[in-house]
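The values are calculated or read from the model by the stated rules, or taken from the named source; none is laboratory data. Since this is a predicted model, take the numbers as computed values, not measurements. Here Cβ is always computed from backbone atoms with ideal geometry, including for glycine, and neighbour counts include all displayed protein chains. Each accessible area value is taken on the protein alone, full model and side chains, heavy atoms only, with ligands, DNA and RNA left out. Shrake-Rupley method; radii C 1.70, N 1.55, O 1.52, S 1.80 Å.
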Amino acid sequence: MQEKLQALKEDALKKVNQAENLKDLEAVRVEYLGKKGPITEVLRGMGKLSKEERPVIGELANTVRAEITRALELKKSTFEAEALNEQLRAEAIDVTLPGRPVSVGGAHLLTEIVTEIEDLFIGMGFDVKEGPEVETDYYNFEALNLPKDHPARDMQDSFYITEELLLRTHTSPVQARTMNEFKGNKSVKMICPGKVYRRDTDDATHSHQFTQVEGLYVDKNVRMSDLKGVLNQFAKQFFGEEREIRLRPSFFPFTEPSVEMDISCKVCQGKGCSVCKQTGWIEILGGGMVHPSVLEMAGYDPKEYSGFAFGMGPERIAMLKYGVDDIRHFYTNDQRFLKQYHNL
Ligand code: 2U9
């Protein structure tokens, strides 16, 4: 019996050695240690052995089983390590390969321009305020000296939602609201950037939705020369120190007197070219002294307070600064256009 067990052990260890994979190993395990295997058979037949033989054979059978089990496990872990190595080799990443470039987004040109304008005015002590795009007829027109029968309402054909509500045609209602909020007791120094809407047919220079930045400074003793100083500072910082400004008389219902501001043409340095239509000057914004009726409607005494206001269109300004030839480029989101202005 002892020799039989020794022979079994040697056979089994030999087969473990010869096994080429996990499947072979499992077959060896089943053959020798399985329920119907020879070792189990020996252990089952212990009852038939003599009293003296039983502990000797029992111990030997257990030892043989333990040795075969250990050999199986050892070989199994070798196979597993090999499999893992093979997997690691197959899945290895070549970190020296050049990477795929990630395309990085950026702020829209209009956002960049509006932020730049905001920064310049913040630098001159202005607050930035926003307001609703759906406005009441009162704040959009009435409070700005544009009563119901005013002919200037025709100039701003509007998108009405109800008889009293419309999409704002300018950002001026934000200023009217702010003045109203301050109840005539405080000075106001603010700009309000935002989207505005007009019933225009879209073409290279018109868009039914565009952007405005408007400004307002109301206090005691605010004068036209303050407006000129602030706008001159803005123009030089935004377009370049070498640019000159000029103010021309104009008309807006909410300012009196009203002006339009031109900057000297960069292309011809004021000599006259096709960009400035041979005038040497390019119009960039409008403004004036806040109309006394507007001050009064907002609760400010026009004898005590005065103010200046101005308005500009960032699209037009961006078009002038970067030579963009069609306003629709700002809204059609063609990446070939937008990407040119990343990292300005
Ligand atoms: C209040 C009082 C006065 C705002 C003003 C302009 C002149 C102006 C246009 C420029 C190009 C609009 O974007 S654009 O089409 N704006 O010329 N805007 S004065 O005057 C105000 C605003 C609010 C309470």
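Per-structure values
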| quantity | calculated |
| --- | --- |
| Segment 109-341 - percent of accessible surface contributed by carbon and sulfur, probe 1.4 Å | 49 percent |
| Heavy-atom accessible area per residue - the chain, 1.4 Å, Å² | 58 Å² |
| Percent breakdown of C-alpha pair distances by 20 Å bin, ordered from the shortest bin, for the chain | 23, 32, 7, 9, 16, 12, 1 |
| Partnerless Cys - the chain, beta-carbon criterion under 4.7 Å | Cys192 |
| All-pairs Cα distance distribution in segment 2-90, expressed in whole percent, bin size 5 Å | 3, 14, 22, 21, 14, 10, 7, 5, 3, 2, 1, 0 |
| Other-chain or far-sequence residues with amide H under 5 Å of Leu285's (modelled H) | Met261 |
| Choice from Asn221, Asn185, Asn85 with maximal GNM fluctuation in the chain (Cα, 10 Å cutoff) | Asn85 |
| Order by protection proxy (mean Cβ within 10 Å, highest first), peptides 158-165, 233-240, 320-327 | 233-240, 320-327, 158-165 |
| Cβ crowding within 10 Å averaged over residues, with 169-175, 260-266, 279-285 ranked highest first | 169-175, 260-266, 279-285 |
| Equivalent ellipsoid semi-axes - Cα gyration tensor, segment 286-344, angstrom | 40, 11, 10 |
| Projected-area average for segment 226-309 over all orientations - Cα convex hull basis, square nanometres | 5.9 nm² |
